[in-house]
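Enquirer: Once you've had a glance at the structure underneath, I'll fire off some questions.
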Amino acid sequence: MSNTVPDSARLVAALFLGALAFVLSDMIKPLFEEDFHFGYFNYVNVFIGLFVGWTMVGRRAGRGITAAVNNGVTGMVSLIFLSLFVQGVNEMLRLAMRNRYDNAFEALFAALEIGMGYFLLMSTVPIWGVAIAGGVVAGLITEVVWFRWR
């Protein structure tokens, strides 16, 4: 079976990581300032979760339980870092429209700095607990679905 063919494992992995992204996004929101405007924060993160679940976690299903746990955790970490990068670039673009940066390199470094700031902000025990548990569950359920409906 080709890696580009849709299958049930890819669908389930995408749905679970999308749901995990939504839950984590809602858990992160109270950590920001009260007047912070989130816009499409949840939707962007859910889309990233769907993408990572489909392309990474679902593609690597069928390699055993240990690999499933590793696959789920790797997918969750990829989801978090890709979301941090996208949200950092989004904030950088907002600031760039106000002529905050002198050149493109300064803006790029600012996007990375903003993403690292968001990482430090979200680094709490409840958020990482839900993230790791959700990644493990997503990997295991994807593995079960792959064996059941391949």
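Enquirer: Out of all the residues in the stretch 108-140, which are small (Gly, Ala, Ser) and either surrounded by fewer than 17 Cβ atoms within 10 Å (Cβ to Cβ) or not in a helix (DSSP H, G or I) (or both)?
Expert: Gly117, Ser123, Gly129, Ala133
Enquirer: Name the pairs whose Cβ atoms lie under 8 Å apart, with the first residue in the stretch 126-150 and under 18 Å from Val52 (Cα atoms), the second loosely packed, with under 14 Cβ neighbours inside 10 Å and among the small types (Gly, Ala, Ser), and 6 or more positions between them or separate chains?
Expert: Final answer for the pair search is Glu143/Gly64.
Enquirer: Within the stretch 6-15, identify whether any single residue is at pLDDT below 90 and over 14 Å from Gly134 (Cβ atoms), and answer yes or no. I'd like the intermediate steps shown before the answer.
Expert: Of the residues in the stretch 6-15, the ones at pLDDT below 90 are 6-7.
With over 14 Å from Gly134 (Cβ atoms) added as a condition, the list becomes 6-7.
Within the stretch 6-15, one or more residues are at pLDDT below 90 and over 14 Å from Gly134 (Cβ atoms).
Enquirer: Which residue out of Ile28, Ile48 is part of a helix (DSSP H, G or I), β-branched (Val, Ile, Thr), at pLDDT below 95 and crowded, with 20+ Cβ neighbours inside 10 Å?
Expert: Going through Ile28, Ile48 in turn, just one is part of a helix (DSSP H, G or I), β-branched (Val, Ile, Thr), at pLDDT below 95 and crowded, with 20+ Cβ neighbours inside 10 Å: Ile28.
Enquirer: Still on this model: From Phe85, Phe51, which residue is free of Cβ contacts under 8 Å to residues at least 40 places away in the same chain, farther than 17 Å from Phe119 by Cα and within 12 Å of the chain's Cα centre (by Cα)? Give the steps one after another, and end with the answer.
Expert: Numbers: Phe85 fails: farther than 17 Å from Phe119 by Cα.
None of the others qualify; the one that does is Phe51.
The values are calculated or read from the model by the stated rules, or taken from the named source; none is laboratory data. Computed from a prediction, not measured in an experiment: that's the story for all the values here. Note that we place each Cβ from the backbone using ideal geometry, even for glycine, and neighbour counts take in every protein chain shown.
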